[in-house]
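Written out below as C-alpha cells is the structure these notes cover.
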C-alpha cells in the first residue's frame, strides 16, 4: 500500500552572499530555528582532513565516480576549485523534498544558477544577502582576524563579483541588522512553504469538496 504524501513538499533553500555579509551566521540561525531543516552535504574529490566524517562533513568520492555522477545528471551543481571537484548530489535532496523536508544550501552564485536550472528548480528558493555597505563588509573581514591584508583584498574583489549577480535571486536582503534580517529570512521561508506548488495534497482536498458539493445538489 502506498504511503500518504506529506502535507507539503520540501524547499531547496539557497543562501548566497559575498564573504563577510553574514550568510553563515544566518544559516546557523535557521538550523537552530527549525530542527527539521537539513543542510546539504556536498560531495568532493579531495582527501578527508583530520576529524572529517564521510557522509557528515562531505561525501568523499574519487574523480572517476564524480565525473560519472555529473554525466548522469546526479549533481545539482558542481565546480572545480583548487584542483578538486565539489558538488551537490541530487538524490538525497530529491528524497528530502518529496518527504516534505527543506534542504539548505550555502553556495555561490554559480552553484545557485546551476540549481535554478536543474530538475528541482520548481522547488528552489534563492536568497541573496547584501552587506549594508562596502566599508562595513571590509570592516567585518578585517575584524575576523583570520586573514592577511592580501587575502582580504582578494576576498573584497571576489565579493564584488558575487554582488554583481544579486538580481538573479528570488529575494534579496540587506543585512544591516542580523536579528531583523534573520526574522525576514524566516518569514520568507514560511511564506514559500505555503505556495501552491509545495502543497501536493490540496488537489485531493478540492476533489473531496467537489464530491461533497455534488452530493448536496
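Test residue 91 against the criterion of being more than 13 Å from the chain's Cα centre (by Cα) and not in a strand (DSSP E or B), and give yes or no.
yes
One residue is enough: does the stretch 22-29 have a residue meeting the conditions touching a strand residue (DSSP E or B) at 6+ places or on another chain (Cβ under 7 Å), outside any helix (DSSP H, G or I), surrounded by 13 or more Cβ atoms within 10 Å (Cβ to Cβ) and touching a residue at least 60 places away in the same chain (Cβ under 8 Å)?
Kept after step one, since they are touching a strand residue (DSSP E or B) at 6+ places or on another chain (Cβ under 7 Å), are these residues of the stretch 22-29: 22-24, 26-27.
Next, from what is left, pick out any that are outside any helix (DSSP H, G or I): 22.
If we keep only those that are surrounded by 13 or more Cβ atoms within 10 Å (Cβ to Cβ) too, we end up with 22.
So of that shortlist, the ones also touching a residue at least 60 places away in the same chain (Cβ under 8 Å) come out as 22.
Yes, the stretch 22-29 has at least one match.
Out of the stretch 38-55, which residues are assigned to a loop (DSSP other than H, G, I, E, B), touching a strand residue (DSSP E or B) at 6+ places or on another chain (Cβ under 9 Å) and surrounded by fewer than 19 Cβ atoms within 10 Å (Cβ to Cβ)?
Scanning the stretch 38-55 gives 41, 46, 47, 48, 52.
Looking at (1) closer than 26 Å to residue 189 by Cβ; (2) at pLDDT 90 or above; (3) part of a helix (DSSP H, G or I), can you tell me which one residue 69 breaks?
(1)
Wholly within the stretch 105-217, which helices (runs of 4 or more DSSP H) include no fewer than the required count, namely at least 1 residues that are surrounded by 15 or more Cβ atoms within 10 Å (Cβ to Cβ) and either in contact with a strand residue (DSSP E or B) (Cβ under 7 Å, 6 or more places away or on another chain) or at pLDDT below 90 (or both)?
109-116, 134-144, 149-163, 178-193
The values are calculated or read from the model by the stated rules, or taken from the named source; none is laboratory data. All values reported here derive from a predicted model rather than from experimental measurement. Methodologically, a virtual Cβ is constructed for each residue, glycine included, from the backbone with ideal geometry; neighbour enumeration extends over all protein chains shown.
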